[in-house]
Amino acid sequence: MFWVITKIYNVMSSCCLMKKGIGSVVATVLIVLIIVAGAAFVWLGVLPVVDEIGDVGVVVGDVGVVEIVTSGGYTLWDEEEGVLEVQVERGNDGEEPIAIDFIFSINGSSVTERVLDVLDAGATKVYPFDLSYYGKPDKVGVAFVYADGVGEAVTVDDIPSGSSGGGGGGSPPVVVAPEDDSCSESWSCGSWSNCVASSRTRSCTDSNNCSTVVYRPDLSEACEMPTGDWVPPIGIPRPSFGIEESYRMYDNVSAQNPDLTYTNNSEGGFYTHYVDNSDVCTNDITPWDNANLGTEVNPRCSILRNLPEGSVVEVHNSVDPNGFGYCLIDGVGSEEKPIFVRGVGMPRMDFKGEIGFYGDSQYIIVEGISFWGFGIYGRQEPNVFNTSYISIRNSDFQGNETRNGGIGLYGIGDDNHEHDIVIYNNTIHDSGVWDPLIATGDQDFHGIGVGARVSSLWIVDNEIYHQSGDGVQINAGTANQATTHHIYAGRNRAHHNKQTGLWSKQAVDVIFSENEIYGARFSTSGPGAGAGFQYGPENVWFLFNEIYDCEYGVRIGSASGMGFGENVYVIGNLIHDIHYDPVYHGGSWDPYTSNVGSTWSNSGLNVLGAVNRYVVGNTIYDADAGINTGGGGYFYIANNLVSDVGVQGESHIWVEDGSGTSEWRMDNNLVYQTGSFGRIRYQNSVYNVSSLPVENGANNIDANPQFVDASNNDFRLQASSPAIDNGILSDVYQTFYNLYGINISVDIDGAVRPAGTAPDIGAFEYS
């Protein structure tokens with residue numbers, strides 16, 4: 001997945017820098033690559049130099065046969081596209097593999113990609129890989145992965161060049177003519193993948209290995225995304241699991257696991273396991289003893305380990321730990337028969353809950369329980385434990401002044417075994433000494449902490465407050481940046497946390513959308529920003545958030561050479577009431593006196609990091625300064641409404657470019673200052689909208705925006721507002737669609753824009 005995303009962001013960076021829309025053919029290819037990668041691959045990471053992989057040939061081991069087919073022209077390197085296609089043939093004997101490892105030797109290092117799509121016995125299949133970020137490999141190896149380990153690899157070190165089939169979704173390879181013109185294609189296809197970005201994919205295999213694709217069935221098709229009562233935040237896809245499932249699905253007998261006994265509960269539903277340690281429970285059983293699953297009359301004391309699919313564990317009052325002093329939850333459910341661990345009356349556990357550290361955990365929903373912290377892990381060492389399709393919802397997480405009660409996610413080892421996680425509708429609060437007036441040092445208790453090797457994570461509809469760290473912090477670490485990707489934080493309410501509401505460090509494809517953030521103040525460990533990032537994450541999107549009562553709205557720090565981040569997008573946000581508060585500074589720093597000449601001073605948007613910065617369609621009101629940015633790279637500011645800022649002549653928009661190397665434009669913004677004029681500043685020169693050099697911007701307006709009622713925080717536009725129909729169409733909306741397949745051409749309320757002849761300026765579209 002990382003290679004695909006790397007290819008995409010390189011292409012998109014070029015397009016955006018030229019301020020041109022991407023072509024329809026290229027866009028289609030990019031979307032297909034995303035879909036194929038998301039459906040087929042699990043990222044393993046870049047490893048140090050490993051033992052040389054072996055010679056060309058066939059390996060017949062105790063458990064199977066595998067061969068890389070070099071005849072017929074399907075194993076090839078496409079230099080133009082940066083795509084490697086590997087044709088794999090599987091023998092008829094041996095144990096059933098669960099995955100295939102492809103090992104690429106590139107400039108002295110080894111990169112491994114694990115493919116879950118295993119071909120049938122006796123079949124041949126072509127597997128495409130986008131390696132444009134790395135270049136042509138010196139060798140490629142293939143090994144089957146079994147439940148008890150990885151088999152011996154077979155390798156090829158002389159990879160022919162040619163023209164590929166475009167990553168498996170387009171035209172056939174054009175390399176060599178078929179060896180046998182009389183060969184009759186015989187295609188068989190696997191199951192369709194989940195619907196992603198309104199498309200789904202599958203793999204097809206020609207059992208006759210004709211090296212032609214004239215009659216190959218379609219590998220992709222349009223599909224309808226699942227729908228339900230829950231509406232995702234703008235720009236965030238709907239997870240395939242974890243929001244709307246209910247244990248009442250087992251009211252239908254046909255949905256039940258026939259190996260379990262379902263007992264009626266007081267709600268009219270069923271349970272399979274009953275846990276309650278407050279009264280007389282069965283204490284002579286172990287966490288692995290399934291002889292007694294528990295009933296209301298004879299409950300279990302602890303939760304059974306290794307829960308079977310279809311389990312409904314009903315928890316009352318509290319439970320005993322079931323391993324290492326924790327509440328360990330594991331088991332392998334399925335999409336058709338998920339596992340539910342559900343509390344009745346929000347039972348409290350004064351110890352930590354954990355998923356995935358000590359066993360496989362898939363298709364599990366934990367709900368209605370109060371925990372003292374929770375860990376979600378994917379683990380490779382010393383054992384491989386896959387953690388996927390997990391939902392933590394409708395629960396409470398509370399710590400104390402010395403212990404973190406939040407949720408942590410982290411993958412252990414070199415593989416990415418933690419994906420498709422949903423954290424939904426929880427309350428996470430009171431961990432550490434959070435009050436900046438009392439706290440000292442950097443206690444760093446985050447409400448939700450996201451580490452390395454976590455992907456496809458939804459953090460939605462939670463309330464997070466009184467944490468000594470961030471409400472949400474994403475931090476893969478420099479070496480693992482690419483392993484943490486597609487992190488979605490939407491419609492959360494994050495307030496009065498010591499550091500920030502929402503923050504990202506190293507990660508790729510992070511979307512913050514429709515969050516409400518307030519109450520951030522300067523402290524010993526944070527500047528008082530509502531949201532932001534540092535250390536160079538890539539493709540970070542701040543979409544349609546409301547941020548207020550903070551010292552900064554969005555603060556984007558420098559990359560500091562730690563990540564490879566290039567692109568940041570700030571679109572459609574409402575930011576108001578952003579002020580320096582001397583109470584929290586102890587008189588040590590005052591932006592109105594000692595720091596007036598710096599873009600680092602308090603502002604609605606403080607954009608200092610990333611290479612390419614796109615600030616489009618935001619409304620900023622009553623802030624110490626409007627939009628402040630440092631120099632270097634490309635900076636595009638369009639359709640923003642900045643009104644009534646500062647108390648000592650601070651700017652509405654300020655580009656500070658000490659090197660004079662920045663490329664920047666300000667188009668179609670509205671700036672307004674009651675009793676004065678809108679200040680646009682470059683270096684130390686102050687311009688009004690008329691005097692701004694034309695090469696730096698056009699069509700900016702200085703006029704009263706005519707809010708409906710700013711004094712009561714109603715920043716919608718009146719019918720006579722000069723902001724209506726005076727914006728410019730921006731490429732950022734198309735960029736988002738090309739990357740994620742979701743249309744975000746809306747305002748902060750979800751109204752389609754433009755509603756008139758052109759977009760309105762600011763976060764709101766008039767209707």
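The values are calculated or read from the model by the stated rules, or taken from the named source; none is laboratory data. This one's a predicted model, so the numbers in the text were calculated from it and none came from an experiment. Positions of Cβ are generated from backbone atoms using ideal geometry, with glycine treated the same way; all protein chains shown enter the neighbour counts.
Mind listing whichever residues of the stretch 385-396 are under 21 Å from Phe241 (Cβ atoms), at pLDDT 95 or above and either surrounded by fewer than 22 Cβ atoms within 10 Å (Cβ to Cβ) or not polar (S, T, N, Q) (or both)?
The answer is Tyr389, Ile390, Ile392, Arg393, Asn394.
Taking Val746 and the conditions (1) in contact (Cβ under 8 Å) with a residue 60 or more places away in the chain; (2) under 24 Å from Glu650 (Cβ atoms), which numbered condition does it fall short on, given that it satisfies the others?
Going through (1) in contact (Cβ under 8 Å) with a residue 60 or more places away in the chain; (2) under 24 Å from Glu650 (Cβ atoms) one by one, Val746 breaks only (2).
What do you reckon, is Ser711 free of Cβ contacts under 8 Å to residues at least 60 places away in the same chain and part of a helix (DSSP H, G or I)?
Taking the combined requirement at face value, the residue satisfies it.
Scan the stretch 320-330 residue by residue and report those that are surrounded by fewer than 16 Cβ atoms within 10 Å (Cβ to Cβ) and within 21 Å of Tyr389 (Cα to Cα).
Selection gives nothing.
Looking at Ala763, is it in a loop (DSSP other than H, G, I, E, B), under 29 Å from Asp624 (Cβ atoms) and either touching a residue at least 40 places away in the same chain (Cβ under 8 Å) or among the hydrophobic types (A, V, I, L, M, F, W, C) (or both)?
yes
Do any strands (runs of 3 or more DSSP E) lying entirely in the stretch 31-142 carry at least 2 residues that are of a type in the set (Val, Ile, Thr) and modelled with pLDDT of 70 or more, and which ones are they?
65-68, 83-90, 99-106, 109-115, 124-130
Starting from residues that are out of contact with any Gly (no Cβ under 8 Å at 6 or more places or on another chain) and part of a loop (DSSP other than H, G, I, E, B), keep the ones in the stretch 482-528 and report whichever is surrounded by the fewest Cβ atoms within 10 Å (Cβ to Cβ).
Ranking the candidates gives Gly519 first.
Residues in the stretch 521-535: is at least one among the β-branched types (Val, Ile, Thr) and touching a His at 6+ places or on another chain (Cβ under 6 Å)? So that I can check it myself, show each step before the final result.
The initial filter retains those residues of the stretch 521-535 that are among the β-branched types (Val, Ile, Thr), namely 524.
If we keep only those that are touching a His at 6+ places or on another chain (Cβ under 6 Å) as well, we get none.
No, that holds for no residue.
If you take the residues in the stretch 616-649 that are of a type in the set (Phe, Trp, Tyr) and within 27 Å of Asp749 (Cα to Cα), which one is modelled with the highest pLDDT?
Pass one, the stretch 616-649, residues of a type in the set (Phe, Trp, Tyr): 621, 634-636.
Still in the running and within 27 Å of Asp749 (Cα to Cα): 621, 635-636.
Numbers: Tyr621: 98, Phe635: 90, Tyr636: 93.
Ranking the qualifying residues of the stretch 616-649, first place goes to Tyr621.
Output the residues belonging to the stretch 331-353 that are among the basic types (Lys, Arg) and either part of a strand (DSSP E or B) or farther than 17 Å from Tyr389 by Cα (or both).
Arg342, Arg348, Lys352
Of the residues that make up the stretch 430-450, is at least one over 24 Å from Val275 (Cβ atoms), modelled with pLDDT of 95 or more, part of a loop (DSSP other than H, G, I, E, B) and under 18 Å from the mean Cα position of the chain (by Cα)?
yes
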